[in-house]
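The values are calculated or read from the model by the stated rules, or taken from the named source; none is laboratory data. Just so it is clear, the model here is predicted, and its values are computed rather than measured. Glycine gets a Cβ as well: all are built from the backbone with ideal geometry, and neighbour counts include every protein chain shown. Ligands, DNA and RNA are stripped out before the accessible areas are found, and what is left, the full protein with its side chains, is counted by its heavy atoms. Shrake-Rupley method; radii C 1.70, N 1.55, O 1.52, S 1.80 Å.
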Amino acid sequence: MLRHKAYKFRLYPNVEQEILINKTIGSSRFVYNYMLNAWNTSFKETGKGLSYGKCSAMLPSMKKSEETSWLKEVDSVALQSSIKNLAESFDRFFNKQTQ
């Protein structure tokens, strides 16, 4: 008989790590919502949304901008994955794979 094992882990970050985790989560949420707004605006104007490539190309210019230069503080992989999640959700929606 096959038995499955599970392990449970708990992390105890120090204060600096906790701050970085919170910044990463907040920045990912900001990028997701910013790109969602850009995607919806593009769809209303042109009838076509943006692609993952266009959104990810906008990210370096956002980091260079003075208003959003704080995006440089967090890991870029987290920001790219939030854009990827947005693109995949739009792809699934338009392909009627919502379940």
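Using R₀ = 22 Å, calculate the FRET efficiency as 1/(1 + (r/R₀)^6) where r is the Cβ-Cβ separation of residue 77 and residue 45; round to 0.05. Taking R0 as 22 Å, the efficiency between residue 77 and residue 45 is 0.10.
Here residue 96 is the anchor, and the lysines within straight C-alpha reach of less than 25 Å, apart from those fewer than 8 places off in the same chain, are 44, 48, 54, 84. Taking a straight line from the alpha carbon of residue 63, these aspartates and glutamates sit under 19 Å away, with near neighbours fewer than eight places off in the same chain left out: 73, 75. Computed from backbone phi, the HN-Hα couplings of the stretch 45-52 come to 7, 10, x, 10, x, 8, 10, 4 Hz, rounded to whole numbers (Karplus: 6.51 cos²θ - 1.76 cosθ + 1.60, θ = phi - 60°; Gly and Pro given as x).
Would you mind calculating the relative contact order of the chain from Cα pairs under 8 angstrom and at least 6 residues apart, reporting the percent as a whole number?
Details: 45 pairs, mean separation 30.7, N = 99.
It rounds to 31 percent for the chain.
Within the shell of other residues whose beta carbon sits under 14 angstrom from the beta carbon of residue 58, the net charge comes to +3, with Lys and Arg scored +1 and Asp and Glu -1.
Computed from phi, the 3J(HN,Hα) profile of the stretch 61-66 under the Karplus parametrisation 6.51, -1.76, 1.60 (θ = phi - 60°) reads 5, 5, 5, 7, 5, 5 Hz, with x in place of Gly and Pro.
Based on a Kirkwood Rh over C-alpha pairs, give the Stokes-Einstein translational diffusion coefficient of the stretch 24-64 at 37 °C and viscosity 0.692 mPa s in µm²/s. Walk me through the intermediate numbers first.
On the way: Rh = 10.7 Å.
D, rounded to a whole number, is 307 µm²/s.
Legend: Rg and Dmax of the chain, from Cα coordinates, 17.6, 61 Å.
Over the stretch 5-99, accessible surface divided per residue gives 79 Å², non-protein components excluded, 1.4 Å probe.
Taking 70, 39 and ordering them by how much accessible surface each has at a 1.4 Å probe, largest first, produces 70, 39. Dipole size of the chain about its Cα centre, with +1 on Lys/Arg Cβ and -1 on Asp/Glu Cβ: approximately 540 debye, rounded to the nearest 20. In this label model, residue 58 and residue 29 are separated by 2.0 nm, measuring between points 7 Å along each Cα→Cβ vector.
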